[in-house]
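A.B. asks: Here you go, one structure.
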Amino acid sequence: MRNMRSLIAAMALLVMATGVQGADAGDPAAPVARLHDALLDIMKRADELGYRGRYAAIEPVVNESFDFPAIGRIVMGRYWAGLTEQDKKEFLETFAKLSVATYASRFDGYDGEAFRTAGNDKQNENNALVKTELVKGNGETVSLNYQLRTDTDGKWRILNVVADGVSDLSLKRAEYASIMSTDGYAALMTKLNAKIAQYEGDGAATAGSGNTRQE
Amino acid sequence: MGIHKILAAALILSTLGVSGCTMGSKEDNDPLIGVNRVVYDVNDTLDKALIKPVAKVYSKVTPKGVRMGVTNFFDNVGYLNVIANDLLQGKFRQAGHDTGRFLLNSTVGFGGLFDVAGYSGMVKNDEDFGQTLGKWGFGEGAYLVLPIRGPNSLRDAPDLATSWLLNPLTYVSSGVTIPLAILSGVNERANYLEATRIRDEAALDPYSFTREAYRQNREYKIYDGNPPNMDLEYIEEPEGVLKVY
């Protein structure tokens, strides 16, 4: 009897596990959930990890969850076509680094935050909107809506994050266009790298001092 | 914990629907950029040297409850402008609701210091003449940076007049209104401290960052949080540009 029960339990676990795996290709919410889990993890272990540890922990998840090649083309807009292959590659790498650095820098402490799924809207075969909320320790919520698309490999990847109505991609696109039109690609790269260095510096400066973002 | 809390009120903006147009070739729609940037820099200098430090001190020395009371008070005296624009947009039920809200807060809420209506679950609406013009089909016109006030546009600027005319404080003697206007400004700046801190941390080009954030926030408000065209379409153009609609 007892054996039977544990066998059923094991089978149930197995079904659940495969169910989760199978969902990965078809469920646009999966990469978002994975990102959120990773963020919660670095928040909870923020002090222990330090900036570098948080960066290392979140890097593979961010690179896996976001569709950087598509994002790069969108944020560079009409300037994309004018870049050399070398520049495109460099830009995508730097942009991905900045994204990881931003997460590592912002999610530097845990104060009872939780992520909540608020809805899932698959618009067609290739596009989806996953609505979530970040619930802060004090109960305030920030809406985080993820726009995803499937790549040629059939995997869902994140294109854009819209936080409380402000689209990350649009902001960056506006900024980059402005820098490209007045100062050009080299200046943009300098600024991107300076921003990454700034996050790194801030991270080093506040290491061990806990959550310093609350003013 | 501030994640992208750039402009507080917002939901989904169809970045890739509405901004499909802002993102296109006329992505800047900023014909006055020369003057705008100069005003932006002056504002920024003034902010760093005076307004922001004052707002910081203000938010240090006042309890949160006091700041909330101040915010409530100024929101309430500005609420006639909301009601008027409810009517102009044909939202008659909402106008009735907002009138009730205004009356309740003005009386039971001690002249608006307490958002009694909010506590009892009455939604607070956000309407202004710029949104009305947007609803009537007017485009942004041109982006404007106003001295001290900051981001604005040709479409939104007329609201400065309507909200001034519809604000009861306008008709009180200037000996009272000037100190109140200063308090309102400092209080508002204090409410944005966190948002501007994040902008300063994240922005590569604060001018265009602010412009884009302002636009998205306005777009969101015009459509009351439900902008059209949430669908995303990608079209590979011959020269390899990925277009988003």
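A.B. asks: For the pairing of chain A with chain B, what total accessible surface becomes buried, with a 1.4 angstrom probe, in square angstrom to the nearest 100?
C.D. replies: 4400 Å²
A.B. asks: From the phi of every residue in the range A:88-93, what ³J(HN,Hα) in whole Hz does the Karplus formula 6.51 cos²θ - 1.76 cosθ + 1.60 yield, where θ is phi - 60° and glycine or proline is x?
C.D. replies: Rounded to whole hertz, the list is 4, 4, 4, 4, 4, 5.
A.B. asks: Oh, and also: Among residues other than A:Asn145 whose Cβ falls under 13 Å from its Cβ, what is the net charge (Lys/Arg +1, Asp/Glu -1)? List each step's numbers first, then the result.
C.D. replies: Numbers: positive: A:Arg116, A:Lys131; negative: A:Asp121, A:Glu133, A:Asp164, A:Asp168.
Charge balance near A:Asn145 sits at -2.
A.B. asks: What are the residues of the range A:128-171 that lose 50 Å² or more of accessible area, with a 1.4 Å probe, going from their chain alone to all protein chains?
C.D. replies: Hits at the 50 Å² cut-off: A:Gln147, A:Asp164, A:Gly165, A:Val166, A:Ser170, A:Leu171.
A.B. asks: Per q in 0.10, 0.11, 0.12, 0.14 1/Å, what log10 I(q)/I(0) does a Debye calculation on the alpha-carbon atoms of the range B:71-202 return?
C.D. replies: Normalising to I(0) and taking log10 leaves -0.37, -0.46, -0.55, -0.75.
A.B. asks: Can you give the local net charge around A:Ala118? Use residues other than it whose beta-carbon is closer than 12 angstrom to its beta-carbon, Lys and Arg +1, Asp and Glu -1.
C.D. replies: 0
A.B. asks: Tell me, what HN-Hα J-couplings in whole Hz come from the Karplus equation 6.51 cos²θ - 1.76 cosθ + 1.60 at θ = phi - 60° for each residue of the range A:46-58, using x for Gly and Pro?
C.D. replies: Taking θ as phi minus 60°, the curve returns 3, 5, 4, 6, x, 4, 5, x, 5, 4, 5, 6, 8 Hz for the range A:46-58.
A.B. asks: Continuing with the same structure: Where the accessible area of the range A:4-206 is counted over protein heavy atoms with a 1.4 Å probe, how much of it, in %, is carbon and sulfur?
C.D. replies: 55 percent
A.B. asks: While we're looking at this one, here's another question. Could you report the range B:43-90's accessible area per residue, 1.4 Å probe, as an integer in Å²?
C.D. replies: Result: 51 Å² per residue.
A.B. asks: Which cross-chain or sequence-distant (5 or more) residues have an amide H under 5 Å from the amide H of A:Phe66, H modelled 1.01 Å from N in plane?
C.D. replies: Result for A:Phe66 returns A:Ile158.
The values are calculated or read from the model by the stated rules, or taken from the named source; none is laboratory data. On a predicted model such as this, the values are computed, not experimentally measured, just so you know. Note that each Cβ is placed from the backbone with ideal geometry, even for glycine, and that neighbours are counted across all protein chains shown. The accessibility values were calculated without ligands, DNA or RNA, using every heavy atom of the protein model including side chains. Shrake-Rupley method; radii C 1.70, N 1.55, O 1.52, S 1.80 Å.
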